[in-house]
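A short write-up of the structure that comes next.
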Amino acid sequence: MTAVTTTTAAPTEAGALPPVRRRRRLAPGRRWPAARLAGPLLVLAAWAAASAAGQLDPAAIPAPWTVLRTLGRLWTDGTLATDVLTSLRRAGYGFAIGLAAGVLLALVAGLSRTGEALVDGTVQLNRAIPTLGLIPLFILWLGIGETFKVAIIAIVVYIPVYLNTHAALAGIDSRYVELAEVQGLSKPAFVRRVVIPGALPGFFVGLRLGVTGSWLGLVVLEQINATSGLGYLMFQAQNYGRTDIILVGLLIYGVLGLVSDSAVRLVERRVLSWRRTLSS
Amino acid sequence: MAPHTEQLTRPAVRLRDLKRSFGGRTVLDGLDLELPAGQFTALLGRSGSGKSTLLRAIAGLDHGVAGTGHVAAPRRVSVAFQDSRLLPWRRVLDNVVLGLDGKGAVERGRAALAEVGLAGRERAWPGELSGGEAQRAALARALVREPELLLADEPFGALDALTRIRMHHLLRELWERHRPSVLLVTHDVDEAIVLADRVLVLERGRIGLDLAIDRPHPRSYREPLLGEYRERLLAALGVTEDDR
Ligand SMILES: Nc1ncnc2c1ncn2[C@@H]1O[C@H](COP(=O)(O)OP(=O)(O)O)[C@@H](O)[C@H]1O
Ligand SMILES: [Mg+2]
């Protein structure tokens with residue numbers, strides 16, 4: 001063995017040690033506020049510039065201000081407000097029912113073996129059939145009214161909510177089960193304090209997929225089988241070649257999707273605040 | 001720190017002819033053991049010798065494991081695991097009082113945290129604690145229930161050497177104040193000698209060596225007389241001169 005020497009570069013003369021220079025940071029720097037808006041704003045600017053320069057065919061891609069003017073006109077003296085409300089109601093009811101069903105079934109299947117035997121296989125089977133393929137059958141069963149649309153949206157929503165929540169409930173860390181046994185928790189206390197909080201991250205994954213699914217279902221339903229609502233408005237606009245109205249519809253869909261996703265994220269951040277502290 | 005000699009006569013744990021096997025492979029093979037109430041015992045054994053299996057049998061955690069034999073243990077048993085096993089979604093204090101109900105649970109939890117040196121960290125998330133702090137919180141959770149028996153399965157195995165020594169002092173101190181029976185599983189011979197008053201070696205499914213350590217506390221790792229115990233234990237564990 002050799003003796004360990006601490007290597008502080010031999011100080012031949014005072015001041016010969018090189019001063020430490022901070023190393024170049026390799027990780028990207030701090031985010032700027034609202035940075036994610038930069039890309040879309042750039043696209044918008046390019047669109048406006050191209051329109052102003054007359055580079056775009058107004059019949060194919062109308063200028064941003066034309067779209068805004070159409071939006072204002074449709075809102076004040078058209079049916080846009082009622083159409084948006086109709087669409088929101090469909091998506092909202094469908095989402096709420098799908099969410100409740102997904103969570104309920106996941107709890108039944110995740111917390112009891114009997115429940116799992118009855119529910120899980122059935123849902124897996126349901127999942128194998130693309131929900132939009134059920135549309136003809138549901139129209140025959142429920143008619144072409146609101147009930148059928150809400151039902152289809154609910155099915156589109158409940159599947160990802162169920163799958164993710166059930167997987168999270170079933171995948172609970174066995175070490176935590178053992179801990180709960182050692183601490184003498186009752187079954188209800190175990191479910192409330194260990195199983196459900198542990199499954200929340202998985203539930204939120206399902207929730208976000210469900211939100212996306214509800215808008216997707218809405219768009220498809222409204223564009224093929226509706227006589228009111230945002231999608232119907234766009235469908236009609238297609239017949240009259242009104243791209244500005246179609247863009248208004250897309251804009252509103254986009255805003256609704258963005259707002260709902262942000263809302264879910266916000267709730268998720270609040271509820272799962274403990275996750276941000278995990279170092280590993 | 002009154003001596004609890006009268007308690008020492010009453011057994012806290014009694015195991016008779018304990019057998020446990022996994023898929024036909026016998027791990028515990030007719031093991032007999034008695035732990036007097038209030039004794040601090042350490043259990044050594046090679047990796048895979050069945051220490052955790054024994055501990056889990058005493059804690060009643062071995063559902064579905066094949067085996068026979070008689071196990072008697074107190075009602076109030078606490079277990080400390082190698083990982084602190086704090087629920088990441090509950091704050092530290094809520095973790096400590098997990099499963100504790102009735103009035104005063106929170107107050108007792110606070111007191112237990114203060115006792116392990118974590119006063120002021122009640123509202124922290126487990127993810128914010130260092131390894132040593134998390135293990136302290138786990139000790140507080142084990143002790144707040146005033147267990148008659150504390151089972152600890154390599155509770156310091158994942159800590160760095162310095163933190164481990166601190167935790168040794170803490171555990172011994174807590175034991176002297178509360179006097180539960182302790183069964184500490186460890187793979188560290190020195191840890192066993194410094195902490196325990198009796199050291200067991202698990203070997204071929206039974207207690208192969210049962211050694212009383214009659215030295216005053218606190219003990220230091222450098223105490224020369226402890227070397228004799230170390231030799232005997234290492235020999236029982238099958239560590240030969242050549243291995244060292
Ligand atoms: N759940 C289990 N399933 C199958 N084998 C197991 C199980 N638990 C432990 N064993 C086996 O039993 C033996 C003893 O394990 P364990 O008690 O964990 O040893 P130790 O804690 O002394 O390292 C090991 O060979 C291990 O592989
Ligand atoms: Mg083990």
- Item | Charge dipole (the range B:1-106, unit charges on Cβ, about Cα centre) - positive-most of B:L98, B:T68, B:S21 | B:L98
- Task: Place a label point 7 angstrom from the Cα of B:K19 along the Cα-to-Cβ direction, then list the residues of the range B:69-87 whose backbone nitrogen is under 15 Å away.
- Result: B:69-71
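If r is the Cβ-Cβ distance from B:R177 to B:A235 and R0 is 56 Å, what FRET efficiency results, to the nearest 0.05?
That pair, B:R177 with B:A235, gives E of 0.95.
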- Item | At least 24 Å along the helix axis (C-alpha) and Kyte average at least -0.5, DSSP helices within chain A | A:80-111, A:146-170, A:196-224, A:243-271
- Task: Among A:W32, A:L179, A:G241, pick out the residue whose Cα is farthest towards the positive end of the charge dipole of chain A, where Lys and Arg carry +1 and Asp and Glu carry -1 on C-beta, about the Cα centre.
- Result: A:W32
- Unit charges on C-beta of K, R, D, E only; dipole of the protein assembly as shown, Debye: 1140
- Message: Connecting C-alpha atoms closer than 10 Å in a GNM of chain A, tell me which of A:P28, A:P160, A:P136 has the biggest fluctuation.
- Response: A:P28
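Inside 10 Å of the C-beta atoms of B:120-127, what's the mean count of C-beta atoms belonging to other chains?
Mean partner-chain Cβ count within 10 Å for B:120-127: 2.
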- About the Cα centre of the range B:83-145, how large is the charge dipole given +1 on each Lys and Arg Cβ and -1 on each Asp and Glu Cβ? Please answer in debye to the nearest 20. 120
- chymotrypsin sites (Phe, Trp or Tyr not before Pro) within the range B:155-227, DSSP loop, no more than 15 other Cβ atoms inside 10 Å: B:Y221
- Among A:T122, A:T82, A:T70, determine the one that fluctuates most according to a GNM of chain A built with springs between C-alpha atoms less than 10 Å apart. A:T122
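For B:H217 and B:L162, what does the FRET efficiency come to when R0 = 22 Å and r is the distance between their Cβ atoms, rounded to the nearest 0.05?
0.60
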- Query: Rounded, prolate or oblate: which fits chain B, taking a ≥ b ≥ c as square roots of the Cα gyration tensor eigenvalues, rounded meaning a/c under 1.5, else prolate when a/b beats b/c?
  - Reply: prolate
- Message: Test of understanding: extend the Cα→C-beta vector of A:T66 to 7 Å, then name every residue of the range A:36-59 with backbone N under 13 Å from that spot.
- Response: A:48, A:50-59
- Task: Could you check the simple spin-label distance between B:A119 and A:Q124, using points 7 Å along Cα→Cβ, in nm with one decimal?
- Result: 5.6
- Helix B:131-143 sits off the longest principal axis of the Cα atoms of chain B, rounded to the nearest 10 on a 0 to 90 degree scale, by 90
- Note on the structure: The simple spin-label model distance between A:A100 and B:A72, using points 7 Å out along Cα→Cβ, in nm, is 5.6
- Item | With Cα atoms, 0 to 90° folded angle of helix B:226-236 axis to chain B main axis | 60
- Message: I want to check the label-to-label distance for A:D173 and B:R206. Put each point 7 Å from Cα in the C-beta direction and report it in nm to one decimal.
- Response: 3.9
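Mind checking the full-extension length gain between A:R24 and A:R192? Use 0.36 nm per residue of separation minus the Cα-Cα distance, one decimal, nm.
Full extension from A:R24 to A:R192 adds 55.6 nm.
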- Task: Can you figure out the FRET efficiency of A:W141 with A:Y240, using R₀ = 25 Å and their beta-carbon distance, to the nearest 0.05?
- Result: 0.15
- Message: Compute a Gaussian network model of chain A, connecting alpha carbons closer than 10 Å, and tell me which residue from A:R193, A:R69, A:R23 fluctuates the most.
- Response: A:R23
- Angle, helix B:105-115 long axis vs. longest principal axis of chain B, Cα atoms, 0 to 90°, nearest 10? 60
- Message: Let me confirm one metric for peptide A:198-205, namely the mean number of other chain beta-carbon atoms within 10 Å of its residues' beta-carbons.
- Response: 1
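We did not get these values from a lab; they are worked out from the coordinates using the rules stated. Keep in mind that this is a model prediction, so the values were computed, not measured. Here the Cβ is made from the backbone with ideal geometry for all residues, glycine too, and neighbour counts use every protein chain on show.
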